[in-house]
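The values are calculated or read from the model by the stated rules, or taken from the named source; none is laboratory data. Bear in mind the structure is a predicted one, so any value in this text is a computation, not a measurement. Every residue, glycine as well, gets a Cβ built from its backbone with ideal geometry; the counts of neighbours run over all protein chains shown. Side chains are part of the model used for accessible areas, which takes the heavy atoms of the whole protein and leaves out ligands, DNA and RNA. Shrake-Rupley method; radii C 1.70, N 1.55, O 1.52, S 1.80 Å.
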Amino acid sequence: MDVVIETARRIRALEIQGATNVAIAAVNALSEQIQLSDEVDRDSILSKIEEAKEILFASRETEPFMRNAIRYVEWRLRTGEWRDKEELRELVHGVSEGFLEDFRAATDALVKVGTRRINSDTVVLTHCHSSAVSKVFVEAKRKGVDFRVICTETRPKYQGRITAGEMLEAGIDTTMIVDSAMRNFLKEADLVLVGADAITSEGNVINKIGTSQLALAADEARVPLYVVSTLLKFDPQTIHGEYEVIEERSPDEIWPEAPEGLKIRNPAFDVTRREYIHGIVCEEGVISPHSILEAVRRRYPWIIESLGA
Ligand code: RUB
């Protein structure tokens with residue numbers, strides 16, 4: 001399980017960050033691990049997948065995109081046939097590459113839609129680092145739109161610096177603010193774009209801690225907030241009444257040598273209620289959070305079907 005264990009370690013340490021990068025890394029690790037396996041009989045492969053699943057799922061709890069992606073590979077293997085190592089290798093490779101290709105097509109579609117919301121002179125505020133949001137910005141700039149980005153630093157792990165770096169590399173006029181300056185700078189913003197780690201069956205969105213605060217402030221400041229996310233972030237377990245688990249990270253990230261006895265809490269994400277979300281920019285276009293389940297059933301029925309795989 002070396003490949004899977006090392007990938008899980010990198011995900012946990014945030015060396016691989018953001019729901020999309022996490023899901024891609026997990027699929028690649030699972031695929032590589034199976035291809036490295038000497039055993040090819042069905043039972044050993046399926047139990048290897050079970051083991052990998054447990055390790056990867058535990059690396060970050062609030063990542064349904066990763067869980068959906070892994071379940072997809074598992075589901076296709078459970079229903080697939082192979083006779084030898086070569087056939088198994090081809091099957092796993094084909095399934096994981098096919099999944100990633102569909103995902104790339106979905107991303108292209110949502111980036112096209114998101115880009116249309118950015119015009120010259122638009123000022124967009126974003127939080128944390130979302131590869132989907134960054135892609136929208138970079139594509140808008142490539143099309144010649146002259147807009148401005150304001151990004152938060154994103155305590156405690158400063159993912160805003162990744163966003164800022166990508167923006168500067170693309171030649172986008174970018175300003176960084178501390179997280180607590182969000183409300184102040186909403187006065188300058190026309191639009192808020194954020195990513196998602198999870199979307200529930202009710203249309204609520206889980207994203208980096210501080211997003212729900214930003215959504216409340218944006219609502220009060222009358223600045224529309226959109227979530228840019230593939231429908232693959234939908235968590236099918238929420239249909240069955242389960243709540244999305246919010247990952248709580250080490251206090252050391254906040255204050256490494258904190259005084260003894262001090263309690264420190266470090267939740268990685270929070271829940272933004274659908275009332276504060278103007279729309280979800282996804283591969284189906286701009287949709288209301290209320291219609292998420294319908295959109296997922298139409299576009300990715302396997303997300304719901306493979307849950308019991
Ligand atoms: C990252 C974060 C991102 C989403 C979406 O948190 O909250 O907004 O994961 O990212 P962390 P993407 O840094 O803790 O992983 O659009 O890349 O899927």
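Mind listing the long-range amide H neighbours of residue 269? Cut-off is under 5 Å, sequence gap 5 or more, other chains count too, H placed in the peptide plane at 1.01 Å from N.
Close amide H contacts, sequence-distant or interchain: 209, 247.
Can you tell me which of 111, 22, 178 moves the most in a GNM of the chain? Springs connect C-alpha atoms under 10 Å apart.
178
Which value, in Å² rounded to 10, gives the accessible area of residue 44 with a 1.4 Å probe and all protein chains present?
20 Å²
As a test of the formula, what do you get for the chain when each DSSP H run with n ≥ 4 contributes -39,500 (n - 2.57) and the sum is divided by the residue count, at 222 nm and rounded to the nearest 500 deg cm²/dmol? Before the final figure, lay out the partial values.
Details: 11 runs with 143 residues, N = 309.
Calculated from helices alone, the mean residue ellipticity at 222 nm is -14500 deg cm²/dmol.
For residue 44 and residue 100 in the same chain, what is the full-extension length gain: residue separation times 0.36 nm, less their Cα-Cα distance, in nm?
Numbers: separation 56, 0.36 × 56 = 20.16 nm, distance 2.51 nm.
Value of the extension gain: 17.7 nm.
Quick one: check the C-alpha center-to-center distance for the range 203-236 versus the range 47-63, whole angstrom.
Distance between centres, Cα-based: 26 Å.
Which percent of the accessible heavy-atom area of the chain goes to carbon and sulfur, probe 1.4 angstrom?
Numbers: 6740 of 14200 Å².
About 47 percent, which is the carbon plus sulfur part of the accessible surface.
Would you mind calculating the gained length between residue 143 and residue 85 on full extension (0.36 nm times residue separation, minus the Cα-Cα distance), in nm to one decimal? It would help to have the intermediate numbers written out before the result.
Numbers: separation 58, 0.36 × 58 = 20.88 nm, distance 4.66 nm.
Value of the extension gain: 16.2 nm.
Quick check: from the Cα gyration tensor, does the range 110-300 come out rounded (a/c under 1.5), prolate or oblate?
Numbers: a/c = 1.78, a/b = 1.07, b/c = 1.67.
It comes out oblate by the Cα gyration axes.
I'd like the accessible area for residue 108: 1.4 Å probe, protein heavy atoms, all chains in place, Å² to the nearest 10.
100 Å²
Heads up, I need the accessible area for residue 282: 1.4 angstrom probe, whole protein in place, Å², nearest 10.
0 Å²
List the relative contact order of the chain as a percent without decimals, with contacts defined as Cα pairs under 8 Å and 6+ residues apart. Walk me through the numbers on the way to the answer.
Values: 535 pairs, mean separation 56.1, N = 309.
Contact order relative to length: 18 percent.
Specify the residue with the greatest mean-square fluctuation among 174, 200, 230, computed from a Gaussian network of the chain linking alpha-carbon atoms under 10 Å apart.
Greatest mean-square fluctuation among the candidates belongs to 174.
Give me the 1.4 Å probe accessible area per residue for the chain, excluding ligands and nucleic acids, in Å². Could you put the intermediate results ahead of the total?
Working: 14200 Å² over 309 residues.
I get 46 Å² per residue for the chain.
Pop the C-beta distance of residue 119 and residue 240 into the FRET formula with R0 = 41 Å and round what comes out to the nearest 0.05. Can you show the working numbers first?
Details: r = 42 Å, r/R0 = 1.02.
Calculated value: 0.50.
Based on alpha-carbon centroids, what's the gap between the range 110-131 and the range 280-309 in Å, whole number please?
22 Å
For the chain, modelled as a GNM with alpha-carbon contacts under 10 angstrom, which of 40, 227, 133 fluctuates the most?
Of 40, 227, 133, the most mobile in the Gaussian network model is 40.
Quick one: ranking 85, 143 by accessible area, 1.4 Å probe, largest first, what do you get? Working shown, then result.
Details: 85 90, 143 120 Å².
Greatest to least solvent exposure: 143, 85.
Using alpha-carbon pairs under 8 Å, 6+ residues apart, how would you state the relative contact order of the range 2-104 in percent? Kindly include the intermediate steps, with their values, before the conclusion.
Numbers: 92 pairs, mean separation 35.1, N = 103.
Value for the range 2-104: 34 percent.
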